[in-house]
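J.: Handing you a structure now.
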Amino acid sequence: MRRIVLLLTLCFSAFSAEKRPITETDLYAFKWIADPRISPGGSEVAYTLVTVTPKHENYATSLWIVPSAGGAPRQITNGTHDSSARWSPDGSRLAFLRVNENNGKPEPAQIYVLDMHGGEARALTDLPKGAANPVWSPDGQSIAFLSSTEPADFDKKKDDEKSDVRVINRAVYRSNGTGYVDYERKSHIYTVVVPAVLNAPVKAKQITTDKFDENSIKWAKDGSQLYFVTEREAETYYEQPHSDIYAVGASGGEMHKLVSMDGPIRGMSLSPDGKRMAFLSSENRKPVRMHGPPDLYVTDLHAGSKPQNLTSDYDYEIGGGIGGDQAPPRAASPSLPCWSRDGRFVYVTSAEKARNNLKRIDARSGKLEAVTTGDWDVEAYSATPDLSKTALLISTPTNIGDLYLLEGKSPNPVRITKVNDELFSQLDLPAPEEIWYKSFDGKMIEALVQKPPQFDPAKKYPLILNIHGGPNSTYGFNFFHEMQFMAAKGYVVLYPNPRGSTSFGEEFANVIQYKYPGDDFKDLMAGVDFLIAKGYVDAGHLGVTGGSGGGVLTNWAVGHTDRFKAAVSMRSIADWSGWWYTADFTQFQPSWFKGAPWEAEADYKERSPITYIRNVQTPLMLVEGEADYRTPPTAGGEQMFRALKYLKKTVVMVRFPGESHELSRSGQPKHRVERLDHIVGWFDIYLQGKPNKVYEVSE
């Protein structure tokens, strides 16, 4: 009897341990870590945990904390829209942002403070337009932050009487994901005193009042001044971007320009002695480039100081990242360069050949050394003031993202969270294979190949070519639900980094300038042929898809070859002229085109996929977000759809209400799942012979 029980137990254990392929709806159970912040003493890491709401229509965010030595994480706030945890200098308190709801509608975010010794979080601010980007003063007695609140906002009656008619007088008047831009409202610096005992919101003081936006606040080491970044131009699109670093007294007063940069400034970080600032920028060049990879700069903090480029001889993406669909959909915050305690080194990430790792850079000579070297994406990081401990948020091809601790001089981060292990322990998630192949002109192209679970090299599989956007972006070693799901449905997925991709050097990223799309399409087709030659891809069952710039190349592909039996083009561009007129940002600089549409009419026409619409024979699905201002449907999918219907070709358009260009990355969870269903459903018809009446015209 005991033998029978033992046998049944072993059989049950083997059955229960059997893993299954990932599904589209597994997204509802995903958990994302965002914005890790290690405590000043290094004993704990606070972070934002992002989850899908019960009705799958949104995301909830809450603050959690985990011991840096490992252990069980615990939730420390009870709000559903809490984010941006910031430790006080002594680690005794935590400031964060909370969005409350009023009758189901979100109110502006306010700063809350949580005593780490116990008690409930208390509201510190109560401004009509809310608060953002809180930064503690060095003595822990005050917080500086940004707000667009104006004195008139306190008069609610006046606000009710404001007209809803928009007068547009700037070329950039709306922004993808946020809507119409209010140029009368600026983001200014405020400060607020944090009392020892907080019982009610405290009145904040407005420090800057001019007509330009300020951002990237930093306190001087003695707390006497505030440093910030600003761009003092009303219509910045007429020139290449340029930024300045200013200083203002902590109590307000006259602002002083310290540093001018012929390029944008982001990621500003003050040295331990308070005399230097590190930041990321891409210095403008003549002639204008399509892509300017960012570099790390260091500058002294006095008027007229000239920033020093520490990485001018390094040919990869300082501060760069890897494209994907599983970065935190809410609450992400950019990581700042970290200084060593003695000011000798600056630590920052760099994207290099589809991997994103932490680097150490000598603050005088620019000598660069690798700190981590994994096949992964270091999405975010923060360090203790003495840099003895660093918290890293790392995504791999088989894990969405967990916290790791890097201690001392060890090159091997130790994993301290496992937020998705309960789900992922059930899933069969093969890691993608990295390949390199030669293109038509001898250039070597890197790509990843996601194969189905239980892959059999003796079989022939249908192939989906998946093209990234940008076009200056990169696929790499992070978790990609879309690729894993396609593979789980029986497809080999090829996702290459053709010329124009970042993380492979400046020349490689810029070689497509004035030639996009074109030779990059040849790179993609060379990758398809390379896999077919491997013997496990069915050359008669090829599909192609891509979003944004990948949508452009998908539209281009079906107009230049009949090899694909099905295509899905997402948030695409069909007519470059139409896009030039309607996108949420301008192409006034000659980065992609040498002039306006009427100045380079032949070039716009030659490079527009709609020009080749009569060649299209491939059944085409067009996926559009109805609130996409980056690639408006009117210049992309709608044109392709109407033209192909006129030509009586097989075409369908799938439209997502309220969704922006970020549908696949941060759209409503239920819409993200439906999007995957439609993409694979379309390929299933033409590559696997599975009927689907959803796309048929009813009689």
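J.: Inspect all residues belonging to segment 539-546 and state whether any of them is assigned to a loop (DSSP other than H, G, I, E, B) and either buried (at least 24 other Cβ atoms within 10 Å of the Cβ) or outside the structural domain of Met570 (by TED's automatic domain parsing) (or both).
T.: No.
J.: Now a separate question. Considering every residue within segment 652-663, establish whether at least one is touching a strand residue (DSSP E or B) at 6+ places or on another chain (Cβ under 9 Å), surrounded by 18 or more Cβ atoms within 10 Å (Cβ to Cβ) and β-branched (Val, Ile, Thr).
T.: yes
J.: So, Val528, is that one within 30 Å of Ala458 (Cβ to Cβ), in contact (Cβ under 8 Å) with a residue 12 or more places away in the chain and either assigned by TED's automatic domain parsing to the domain that holds Trp682 or part of a helix (DSSP H, G or I) (or both) or not? Give the derivation first.
T.: Working: within 30 Å of Ala458 (Cβ to Cβ): yes; in contact (Cβ under 8 Å) with a residue 12 or more places away in the chain: yes; either assigned by TED's automatic domain parsing to the domain that holds Trp682 or part of a helix (DSSP H, G or I) (or both): yes.
Yes.
J.: Please enumerate the residues belonging to segment 649-699 that are assigned to a helix (DSSP H, G or I), modelled with pLDDT under 95 and among the hydroxyl-bearing types (Ser, Thr, Tyr).
T.: Of the residues in segment 649-699, the ones assigned to a helix (DSSP H, G or I) are 663-666, 669-688, 693-695.
Adding the requirement that they be modelled with pLDDT under 95 leaves 693-695.
Passing the criteria: only Tyr695.
J.: In addition: Among the residues of segment 562-606, write down those that are basic (Lys, Arg) and crowded, with 18+ Cβ neighbours inside 10 Å. Steps first, please.
T.: If we filter segment 562-606 for residues that are basic (Lys, Arg), which is where we start, we get 563, 565, 571, 594, 605.
Within segment 562-606, Lys565, Arg571 meet the criteria.
So that you can scan it fast, the table gives a plain yes or no per residue for (1) touching a helix residue (DSSP H, G or I) at 6+ places or on another chain (Cβ under 9 Å); (2) in contact (Cβ under 8 Å) with a residue 60 or more places away in the chain; (3) part of a loop (DSSP other than H, G, I, E, B):
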position	(1), (2), (3)
Leu465	yes, yes, no
Gly476	no, yes, yes
Phe485	yes, yes, no
Gly490	yes, yes, yes
Pro496	yes, no, no
Thr502	yes, yes, yes
Ala509	no, yes, no
Gln513	no, yes, yes
Lys522	no, yes, no
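J.: Could you grab me the full set of residues in segment 500-529 that are farther than 19 Å from Lys594 by Cα and within 21 Å of the chain's Cα centre (by Cα)?
T.: Filtering segment 500-529 for residues farther than 19 Å from Lys594 by Cα gives 501-506, 508, 520-529.
Matches in segment 500-529: Ser501, Thr502, Ser503, Phe504, Gly505, Glu506.
J.: I'd like the residue in segment 578-633 that is in contact with a helix residue (DSSP H, G or I) (Cβ under 8 Å, 6 or more places away or on another chain) and basic (Lys, Arg) and, out of all such residues, is farthest from Arg563 (Cα to Cα).
T.: My answer is Lys594.
J.: I'd like the residue in segment 597-614 that is part of a helix (DSSP H, G or I) and of a type in the set (D, E, K, R) and, out of all such residues, is farthest from the chain's Cα centre (by Cα).
T.: Taking segment 597-614 first, the residues part of a helix (DSSP H, G or I) are 601-606, 609-614.
So of that shortlist, the ones also of a type in the set (D, E, K, R) come out as 601, 603, 605-606, 614.
Details: Glu601: 33, Asp603: 31, Lys605: 31, Glu606: 31, Arg614: 36 Å.
Within segment 597-614, the match that is farthest from the chain's Cα centre (by Cα) is Arg614.
J.: Of all residues in segment 543-601, which are charged (D, E, K, R), closer than 26 Å to Trp682 by Cβ and free of Cβ contacts under 8 Å to residues at least 60 places away in the same chain? Give the derivation first.
T.: Of all residues in segment 543-601, those charged (D, E, K, R) come to 562-563, 565, 571, 575, 584, 594, 599, 601.
Among the residues that remain, those that are also closer than 26 Å to Trp682 by Cβ are: 562-563, 565, 571, 575.
Of everything in segment 543-601, those that are charged (D, E, K, R), closer than 26 Å to Trp682 by Cβ and free of Cβ contacts under 8 Å to residues at least 60 places away in the same chain turn out to be Asp562, Arg563.
J.: I would also like to ask the following. Just to be sure I understand, how many residues within segment 348-381 are among the polar types (S, T, N, Q) and within 18 Å of the chain's Cα centre (by Cα)? Please lay out each step first, then the result.
T.: In the first step, residues of segment 348-381 are kept if they are among the polar types (S, T, N, Q); the result is 349-350, 356-357, 365, 372-373.
Those left that are additionally within 18 Å of the chain's Cα centre (by Cα): 349-350, 356-357.
So the answer is 4.
J.: Looking at Arg330, Arg344, Arg266, which one is closer than 28 Å to Trp376 by Cα and without any contact (Cβ under 8 Å) to a residue 24 or more places away in the chain? Step through it out loud before you land on a result.
T.: Values: Arg330 fails: without any contact (Cβ under 8 Å) to a residue 24 or more places away in the chain; Arg266 fails: without any contact (Cβ under 8 Å) to a residue 24 or more places away in the chain.
Result: Arg344 is the single residue among Arg330, Arg344, Arg266 that is closer than 28 Å to Trp376 by Cα and without any contact (Cβ under 8 Å) to a residue 24 or more places away in the chain.
J.: Mind checking which residues of segment 204-261 are assigned to a loop (DSSP other than H, G, I, E, B) and of a type in the set (D, E, K, R)?
T.: Pass one, segment 204-261, residues assigned to a loop (DSSP other than H, G, I, E, B): 204, 207-214, 220-224, 231-235, 239-242, 250-254.
Selection gives Asp210, Lys211, Asp213, Glu214, Lys221, Asp222, Glu231, Arg232, Glu233, Glu235, Glu239, Glu254.
J.: Among the residues of segment 100-110, is there at least one that is in contact (Cβ under 8 Å) with a residue 12 or more places away in the chain, buried (at least 20 other Cβ atoms within 10 Å of the Cβ), among the hydrophobic types (A, V, I, L, M, F, W, C) and under 30 Å from Asp386 (Cβ atoms)?
T.: no
Quick grid of which residues meet (1) assigned by TED's automatic domain parsing to the domain that holds Ile245; (2) part of a loop (DSSP other than H, G, I, E, B); (3) more than 27 Å from the chain's Cα centre (by Cα):
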{"residue": "Met268", "(1), (2), (3)": "yes, no, no"}
{"residue": "Gly274", "(1), (2), (3)": "yes, yes, yes"}
{"residue": "Ala278", "(1), (2), (3)": "yes, no, no"}
{"residue": "Glu283", "(1), (2), (3)": "yes, yes, no"}
{"residue": "Leu296", "(1), (2), (3)": "yes, no, no"}
{"residue": "Thr299", "(1), (2), (3)": "yes, no, yes"}
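J.: Quick check on this structure: which one of Gln688, Gln639, Gln668 is within 24 Å of the chain's Cα centre (by Cα) and among the polar types (S, T, N, Q)?
T.: Details: Gln688 fails: within 24 Å of the chain's Cα centre (by Cα); Gln639 fails: within 24 Å of the chain's Cα centre (by Cα).
The conditions single out Gln668.
The values are calculated or read from the model by the stated rules, or taken from the named source; none is laboratory data. Keep in mind it's a predicted model, so treat the numbers as computed, not measured. All Cβ positions, even for glycine, are placed from backbone atoms using ideal geometry, and neighbour counts span all protein chains on display.
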